[in-house]
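What follows is calculated from the coordinates using simple rules that are stated; it is not laboratory data. Bear in mind the structure is a predicted one, so any value in this text is a computation, not a measurement. Neighbour counts are summed over all protein chains in view; Cβ atoms, including those assigned to glycine, are modelled from backbone coordinates with ideal geometry.
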């Protein structure tokens with residue numbers, strides 16, 4: 001287990017959507033599978049200015065984040081960039097918080113929460129510093145269905161901004177982008193593989209066009225496959241087992 | 001909303017009980033309530049699920065408590081509610097107005113605006129000298145403390161060690177959003193936030209990095225009937241050529257506005273008192289107008 005997490009990096013998937021999935025399997029189940037393999041799945045729901053969208057949309061985005069042990073945030077398209085930045089940092093910090101808490105428990109036998117508040121200062125400092133210096137790999141799965149038409153340009157700019165601001169972190173940060181629906185007839189495609197170069201990212205995501213349905217589930221599955229490809233050949237055997245145990 | 005009126009918040013560690021009176025506001029990491037403590041005094045209480053942020057902010061408020069530039073803090077504690085753990089601290093309840101309220105309708109005089117910026121520069125200089133930058137400088141975080149006649153910064157969540165990455169910011173004041181540099185906390189980042197706040201006050205409106213360019217703002221400033229020296233200081237701060245708040249202070253405070261030299265040995269408190277008076281009169285005025 002924890003095949004993805006095991007390599008000393010924080011790996012997260014952020015699903016950005018403005019509606020509910022309507023093609024392919026359940027995105028909540030896909031998020032649960034991803035988390036079983038060690039990835040954190042968070043969601044950002046874009047609030048439609050015309051007030052469309054209902055309870056079931058909210059249930060789905062919250063369900064994905066819950067199953068993926070990630071965060072769920074709501075935002076207007078104008079603030080998407082800011083929300084993404086905050087989320088990548090918060091997720092990194094939260095993951096480290098969990099690791100530190102686990103370590104602490106195994107050493108002193110208590111949770112961080114069980115420590116008196118005034119004795120938490122040093123641990124909090126450590127979490128902050130570590131959160132800045134650990135390597136980060138982030139896959140953004142972006143909804144490019146028909147309803148995103150007027151928002152896609154802002155979304156592209158926000159992706160570029162995210163890369164720009166992550167490059168000042170002390171640790172390495174790379175981003176990959178999956179669009180769903182994908183390019184041509186594909187349900188989803190990797191429009192940009194992991195990169196640390198914001199100019200490259202900007203160039204690659206230009207290809208994205210809005211139109212079609214919302215295959216959120218298949219997009220999450222694709223993100224997991226992309227994460228796993230990064231694991232390297234030595235782990236391939238174990239990898240196959242892991243995937244089979246999750247998917248079959 | 002985490003809680004309702006008259007709810008009792010009981011600290012898990014100190015067992016102190018606070019009665020919730022009203023919600024004062026909500027920020028990125030939590031919510032702030034007006035509460036009555038066990039000693040019957042009023043406090044502001046910040047409540048959040050984010051332990052790291054609450055602990056960090058408490059630490060900084062404690063560290064800079066003596067400067068009076070921030071609210072004084074008291075207890076750091078946890079709250080257990082419906083199986084969920086929250087974290088909170090209590091701090092001084094500051095009565096007064098935020099600069100946002102004071103700037104409503106843009107009725108502050110040029111002199112008052114200069115004074116506010118001068119005082120803020122001095123406050124931020126203290127922080128910079130300690131090795132920290134206040135990255136999320138904005139109208140909402142600046143309060144005019146009515147009782148003590150002081151300007152106060154009310155949110156310490158954005159205090160960042162010099163050299164580290166800026167995490168909390170508002171695009172309007174953020175140099176990276178304007179394409180004018182990195183998002184790393186340093187003294188020139190601080191001066192950029194100050195210069196943008198000053199520009200916004202002088203123009204009497206919000207500025208938008210997505211729709212405007214720094215060069216346009218500088219041109220706009222030239223059109224205002226203000227001493228030419230001011231343009232130079234602002235330009236230098238926006239270009240990153242100024243690296244110390246004290247230089248900015250010396251420049252701004254020596255500019256004559258309406259024949260009055262601002263420097264003039266006025267203490268920060270006295271300056272604030274004058275601003276207070278202006279603001280109170282203005283707010284009163286607005287109330288009457290609305291009636």
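For the pair the range A:80-124 / the range B:85-117, the C-alpha centres are spaced 32 Å from each other.
Once the Cα-Cα distance is subtracted from the 0.36 nm per residue extended length, the residue A:149 to residue A:113 segment shows a gain of 8.5 nm.
Two decimals is fine: what is log10 I(q)/I(0) at q = 0.08, 0.12, 0.18 Å⁻¹ for chain A, from a Debye sum with one equal scatterer on every Cα and no solvent? Results for chain A at q = 0.08, 0.12, 0.18 Å⁻¹ read -0.30, -0.68, -1.43. Legend: translational diffusion of the range B:32-87 by Stokes-Einstein, Rh = Kirkwood radius over C-alpha pairs, 4 °C, 1.567 mPa s; D = 105 µm²/s. With equal scatterers on the alpha carbons only and no solvent term, can you work out the Debye log10 of I(q)/I(0) for the range B:150-233 at 0.12 1/Å? Each listed q corresponds, in turn, to -0.39. Rounded to the nearest whole angstrom, the semi-axes of the ellipsoid equivalent to the range B:58-109, taken from the Cα gyration tensor as √(5λ), stand at 31, 17, 8, largest first. Protection proxy ranking, highest mean first, for peptides B:190-198, A:70-78, A:205-213: B:190-198, A:70-78, A:205-213, where packing is the per-residue count of other beta-carbon atoms within 10 Å, averaged.
The long axis of helix B:110-130 is offset from the longest Cα principal axis of chain B by roughly 60 degrees.
Relative to the 2.2 N^0.38 Å rule of thumb, the range B:208-252 has a C-alpha radius of gyration ratio of 1.21. Normalised by 2.2 N^0.38 Å, where N is the number of residues, the C-alpha radius of gyration of the range B:1-145 stands at 1.14. Counts of other chain beta carbons within 10 angstrom of each beta carbon in peptide A:114-126 average 5. Beyond 14 Å, what share of the Cα-Cα pairs of the range B:1-43 remains, rounded to the nearest whole percent? Of all Cα-Cα distances in the range B:1-43, 47 percent exceed 14 Å.
Between the range B:138-190 and the range B:210-262, the C-alpha centres lie 18 angstrom from each other. Computed over the alpha-carbon atoms, the range A:12-59 gives an Rg to Rh ratio of 1.01, Rh here being the Kirkwood radius from the mean inverse distance. Peptide A:82-88 has a mean shielding of 2, counted as Cβ atoms of other protein chains within 10 Å of each residue's Cβ. In this simple spin-label model, placing a label point 7 Å from the Cα along the Cα-to-Cβ direction at both residue B:12 and residue A:197 gives a separation of 4.8 nm. In the range A:73-199, one over the average inverse separation of all distinct C-alpha pairs is 16.6 Å, which is the Kirkwood hydrodynamic radius. One equal scatterer on each Cα of the range B:78-192, no solvent, Debye formula: the resulting log10 I(q)/I(0) at q = 0.11, 0.17, 0.22 Å⁻¹ is -0.45, -0.94, -1.27. Computed from Cα positions, the angle between helix A:216-229 and the longest principal axis of chain A comes to roughly 50 degrees. Rounded to the nearest 10 degrees, the inclination of helix A:27-36 to the longest alpha-carbon principal axis of chain A is 30 degrees. Expressed per residue, the C-alpha convex hull volume of chain B stands at 147 Å³. Neighbouring Cβ atoms from other chains, within 10 Å of the Cβ of residues in B:50-60, number 5 on average. With N as its number of residues, the protein assembly as shown has a Cα radius of gyration that, divided by 2.2 N^0.38 Å, comes to 1.04.
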